[in-house]
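Remarks on the structure that follows.
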Amino acid sequence: MEGTFSVQNIGSRPRLHVSTDGAGVVGHAGARLLANLADVTGLTSAYSTALRPLRPRGTGHAPGRIATDIAVMVADGGETITDLATLRDQGEVFGPIASTPTAWRLLAGIDERVLDRLRSARAQAREVAWAQASETRCGIPAAKAGGRELPGLVLDIDATLITCHSEKEAAAPTYKGGFGFHPLLCFLANTGEAMSGRLRPGNSGANTAADHIAVLDDALAQIPDAHRHGTDILVRTDSAGSAKAFLTHVRNLRTRGIRTFFSVGYAVTEPVRRAIRALPDKVWHPALDQDGTLRESAEVAELTGMTDLAGYPAGTRIIVRRERPHPGAQLSLFDRDEGMRHQVFLTDTPSASGPAQFLEVRHRGHACVEDHIRCGKATGFGRFPSRRFGVNAAWLELSLAAIDLLAWTRVLLLDGELAAAEPRKLRYRLLHVAARITRGGRRLHLRISATWPWRHELAAAFHRLTALPRPAS
């Protein structure tokens, strides 16, 4: 038979005959969960409204549906526009999917104004998803640090380098000697949602206050009104976010009814080194680990009043941690002289909200943004598909939507280990599962294998999805 060959029996494995004439079988069946979730949260309809002007004479595929399908494909692990074929070739499950050229034309038509509308559409869907979490679960979970739940919301801002292996518009040499882009991103520590991101040339500064302000404002616009006003919002960054203009902006947001606080890294300058050396031993206190236990060979002290913080918002505090360096740690000459590694940060959280040890372990939790970025690079923005900057900026925005779909899946539809799983685990266990399609009783049935280890979890997620309250039309 044409297209058929035999696989030789190896050991105790059964003999197989492989052919390409299967029918009624689909792969990536679990990705339909993401497509349905996009519909149930209103993301698809919001995208349709935002992109309606790009539909030529009202014909062909709806641009909003194309955008949703790209986000679903990226969340499922797709890396290029051509990976839409994974959904397109399984029309019984995913419906009609646009061709690759049609998807390219949509991305090429998204300019900065349309990009703003896409961001607003994603904010509308987020409001629905958070309302659904409040009605069906316990709402948006709290971020944690030092064995305690943190009040309100925690935004983590950080930049990352994306290498380009070909000439692309606005790609440039990076400070690490590479070539590519240097996007600035913001994630919500509570859920892992991608709140905002700006694509920037590779030579963009890591500590540019204007970029931090733009990304923070975009992130705040993503937060539903009921949470943006009246809820504590902690903004964490590394030392790149310590610019006075940025911290002043964070503080001034309070005049608009947004209760923002900051916790940002700070460079160990010569005045800071002098202050550290002047600290008496009695003011150093044991540092904490994330579970609330004492951190071995690490101590925390407050430097407020010992260094000049002129120009920073009133009430800014400066705190230092020292600890025995682990093997291979990069140390400054000061660290080598002292025999300890030092890290310093600024915060405007008042002392009444917790001792310096707790504020330090809370700030150290900012490291979770590195995991979010790593997962984000595996969910779309690890590579950019086009030579045109505008297309790549649109790709980044749809990648952020893909990350949101995965986060909402965990918050709304999953329990136990899978509710905290990274994208690759979700894909392996749920999204990429094969299934068989059957028809009966005027219904289309998706039959997951009775031996698949996570069949019950996937079926339960589909049932929970069906029970989610729908947004008012």
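Brief remarks follow.
- From R113, R119, residue being open to solvent by 70 Å² or more (accessible area, probe 1.4 Å) and closer than 19 Å to A214 by Cα: R113
- Residue match in region 395-412 (condition: open to solvent by 10 Å² or more (accessible area, probe 1.4 Å), in contact with a Cys (Cβ under 6 Å, 6 or more places away or on another chain) and under 30 Å from Q290 (Cβ atoms)): no
- V268 meets the conditions (1) in a loop (DSSP other than H, G, I, E, B); (2) closer than 24 Å to S353 by Cβ; (3) in contact with a His (Cβ under 8 Å, 6 or more places away or on another chain) in every case but one. The failed one is (2).
- Only one of A214, A219, A245 that is open to solvent by 40 Å² or more (accessible area, probe 1.4 Å), at pLDDT 95 or above and in a helix (DSSP H, G or I): A245
- Residues considered: L458, L446. Of these, the only one that is in contact (Cβ under 8 Å) with a residue 40 or more places away in the chain and touching a Leu at 6+ places or on another chain (Cβ under 7 Å) is L458.
- Inclusion of D337 among residues that are more than 24 Å from the chain's Cα centre (by Cα), surrounded by fewer than 21 Cβ atoms within 10 Å (Cβ to Cβ) and assigned to a helix (DSSP H, G or I) is warranted.
- Check on S48, in a helix (DSSP H, G or I), in contact with a Pro (Cβ under 8 Å, 6 or more places away or on another chain) and either polar (S, T, N, Q) or farther than 28 Å from E169 by Cα (or both): yes
- Residue within region 345-363 that is within 18 Å of A275 (Cα to Cα) and surrounded by fewer than 16 Cβ atoms within 10 Å (Cβ to Cβ) present: no
- Set A145, A123: member being small (G, A, S) and under 25 Å from G257 (Cα atoms): A123
- Subset of region 135-153 [open to solvent by 70 Å² or more (accessible area, probe 1.4 Å) and under 24 Å from S45 (Cα atoms)]: E135
- Test: residue in region 400-413 that is among the aromatic types (F, W, Y) and part of a helix (DSSP H, G or I): yes
- Look at (1) in a strand (DSSP E or B); (2) touching a Phe, Trp or Tyr at 6+ places or on another chain (Cβ under 8 Å); (3) without any contact (Cβ under 8 Å) to a residue 60 or more places away in the chain; (4) open to solvent by 10 Å² or more (accessible area, probe 1.4 Å) and you find that A301 fails only one, number (4).
- Condition met for L396 (in a helix (DSSP H, G or I), closer than 20 Å to N190 by Cα and either in contact with a strand residue (DSSP E or B) (Cβ under 8 Å, 6 or more places away or on another chain) or of a type in the set (A, V, I, L, M) (or both)): no
- Checking I66 against (1) assigned to a loop (DSSP other than H, G, I, E, B); (2) modelled with pLDDT of 85 or more; (3) surrounded by 10 or more Cβ atoms within 10 Å (Cβ to Cβ), the condition it does not meet: (1)
- Considering residues of region 373-388 that are in contact with a strand residue (DSSP E or B) (Cβ under 9 Å, 6 or more places away or on another chain) and assigned to a loop (DSSP other than H, G, I, E, B) only, the residue nearest to A103 (Cα to Cα): F384
- Taking (1) in contact with a Gly (Cβ under 6 Å, 6 or more places away or on another chain); (2) within 20 Å of A214 (Cβ to Cβ) in turn, T237 satisfies each apart from (1).
- Pairs linking a residue in region 2-22 that is closer than 18 Å to D89 by Cβ and open to solvent by less than 90 Å² (accessible area, probe 1.4 Å) to a residue that is modelled with pLDDT of 80 or more and part of a loop (DSSP other than H, G, I, E, B), with Cβ atoms under 8 Å and 6 or more positions apart or on different chains, are G3/S19; G3/T20; G3/D21.
- Residue match in region 179-191 (condition: open to solvent by 30 Å² or more (accessible area, probe 1.4 Å) and in contact (Cβ under 8 Å) with a residue 12 or more places away in the chain): yes
- Test result for E127, farther than 19 Å from G380 by Cα, open to solvent by 10 Å² or more (accessible area, probe 1.4 Å) and at pLDDT 95 or above: yes
- Hits in region 422-451 (condition: surrounded by 13 or more Cβ atoms within 10 Å (Cβ to Cβ), in a strand (DSSP E or B) and touching a Gly at 6+ places or on another chain (Cβ under 9 Å)): A435, R436, I437, I448
The values are calculated or read from the model by the stated rules, or taken from the named source; none is laboratory data. Predicted model, so just to flag it, every value in this text is computed and none were measured. All Cβ positions, glycine included, derive from the backbone under ideal geometry; neighbour counts span all protein chains shown. Surface areas here come from the heavy atoms of the whole protein model, side chains and all, with no ligands, DNA or RNA. Shrake-Rupley method; radii C 1.70, N 1.55, O 1.52, S 1.80 Å.
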